[in-house]
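The values are calculated or read from the model by the stated rules, or taken from the named source; none is laboratory data. Model, not experiment: these values are computed from the prediction. Neighbour counts are summed over all protein chains in view; Cβ atoms, including those assigned to glycine, are modelled from backbone coordinates with ideal geometry.
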Amino acid sequence: MDKDYLQALRHKLQKRVYRLNSSDHQVFHATLKQLWGFLRENSLLLGIMEQLESLATDQVIEKVEKVLSDGHLSYEEDITFDCERENAAACYLVIKKCVESSNNIIETQVAIKYSHENEFNKLLEVFKDIFLEPFYEYLDESLDDRGAMLSLLKKYKHRCEWFHRERLYREWESDTRKGEKHLALDLYEYLFDQGVDLAIEPKSLPSGEPDLVSSQIGDDRLVADAKIFNQKKDKGKSYIIHGFRQVYNYILDYNQPVGYLIIFKTCEEDLKLSLQETASHVPFHVHNHKTIFFLTIDLFPYEVSASKRGTLRSVEISSSDLVIPEEPTKDSEAT
């Protein structure tokens, strides 16, 4: 991604956080809402935040509810987190709830659970130290990390549908047997141009070969797979469900919390993903604390305008289609 753009965005973010840190209790809540508005107006920062929210486990959500509940916390109530990602997710959720509240002193009411201070401004310093600073640090560090990937993929979707639909469809149609690979290579070229270092189809994995694993140094890697959706070519509902299983296995192999299934739709039928969660209008499914995003890119060259296409035909995939709970055995029922 363009370094000058990231530097400018970081500077804007830094200025707004500085202004918030300089605010006293009378305007802090309103200034926090202004910062939140800035974050949500920028697609890159919004993608990072919503992806962070999707990583919040049930345990994190439960602890956040304790933080936001009325009354003091007892010493027995554990509201700490063992890893930075969990802590960042908790900070995000606490700040989000504060922003959504009409209570102008909710931040001090949260902070008083952690401190014996009774001055508003001193309590705000506690809130900043515990929630604002870790959240800001996560945003800053994620700008050129995996957290920005959702925004990049959305931009790629728009690029394909707005400017390259006919070219990409022709590439697929000219050799449908290898068309999936051709389309995947277009995605990888785009990501490479955006500064993502790639390793395509790495070998020697227990679950096979994912289409793409970024070669970033560190613990966070992008794991993605590309699939065609076209029922007439035997790449319908079951094929997409199989693709979900593949991505799930790949992120287990790489011990990653997030994976991406990129779906190129080359038919007129609609693909409806009736999943319980969405981030920045991108549906995702969480299973066993692993999050998989589904991005559908429509490449079908419609011959008539939208007003003349007739009744919409759709194929629906729900969360229950992706993971089927195993029926209990007689032995497990006995225990």
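The condition (being without any contact (Cβ under 8 Å) to a residue 40 or more places away in the chain and out of contact with any Asp or Glu (no Cβ under 8 Å at 6 or more places or on another chain)) is satisfied by just one residue among Lys157, Lys128, Lys113, Lys122: Lys122.
When you go through Glu209, Glu201, Glu171 one by one, which is the residue that is among the charged types (D, E, K, R), modelled with pLDDT of 90 or more and assigned by TED's automatic domain parsing to the domain that holds Ile297? It would help to see each step written out before you state the result.
On the way: Glu209 fails: modelled with pLDDT of 90 or more; Glu201 fails: modelled with pLDDT of 90 or more.
Just one listed residue meets the conditions, Glu171.
Within the range 168-197, residues that are free of Cβ contacts under 8 Å to residues at least 24 places away in the same chain reach partners that are hydroxyl-bearing (Ser, Thr, Tyr) and surrounded by fewer than 17 Cβ atoms within 10 Å (Cβ to Cβ) with beta carbons closer than 6 Å, at six or more positions or on different chains, in the pairs Asp197/Ser215.
Can you pull out every residue in the range 147-184 that is acidic (Asp, Glu) and either farther than 26 Å from Tyr302 by Cβ or assigned to a helix (DSSP H, G or I) (or both)? Lay out the reasoning, then the answer.
Taking the range 147-184 as the starting set, the residues that turn out to be acidic (Asp, Glu) are 161, 166, 171, 173, 175, 180.
Passing the criteria: Glu161, Glu166, Glu171, Glu173, Glu180.
For the range 241-259, residues that are more than 17 Å from the chain's Cα centre (by Cα) and either in contact (Cβ under 8 Å) with a residue 60 or more places away in the chain or surrounded by fewer than 21 Cβ atoms within 10 Å (Cβ to Cβ) (or both) total 8.
Look through the range 42-74, keep the residues that are touching a residue at least 40 places away in the same chain (Cβ under 8 Å) and assigned to a loop (DSSP other than H, G, I, E, B), and return whichever of them is farthest from Ser115 (Cα to Cα).
Step one: list which residues in the range 42-74 are touching a residue at least 40 places away in the same chain (Cβ under 8 Å), which gives 43-55, 57, 67-68, 72-73.
Those still in the list that are assigned to a loop (DSSP other than H, G, I, E, B) too: 55, 57, 72-73.
On the way: Leu55: 28, Thr57: 26, His72: 10, Leu73: 11 Å.
It comes out as Leu55.
Listed residues Ser274, Ser238; which is of a type in the set (Gly, Ala, Ser), touching a residue at least 12 places away in the same chain (Cβ under 8 Å) and surrounded by fewer than 17 Cβ atoms within 10 Å (Cβ to Cβ)? Result: Ser274 is the single residue among Ser274, Ser238 that is of a type in the set (Gly, Ala, Ser), touching a residue at least 12 places away in the same chain (Cβ under 8 Å) and surrounded by fewer than 17 Cβ atoms within 10 Å (Cβ to Cβ). For the condition in contact with an Asp or Glu (Cβ under 7 Å, 6 or more places away or on another chain) and exposed (fewer than 15 other Cβ atoms within 10 Å of the Cβ), Asn103 does not qualify.
Within the range 17-41, if we keep just the residues that are without any contact (Cβ under 8 Å) to a residue 12 or more places away in the chain and either under 27 Å from the mean Cα position of the chain (by Cα) or not in a loop (DSSP other than H, G, I, E, B) (or both), the residue that is nearest to Lys122 (Cα to Cα) turns out to be Tyr18. Here's a check for you: in the range 1-16, which residue that is exposed (fewer than 15 other Cβ atoms within 10 Å of the Cβ) and modelled with pLDDT of 85 or more is farthest from the chain's Cα centre (by Cα)? The selected residue is Lys15.
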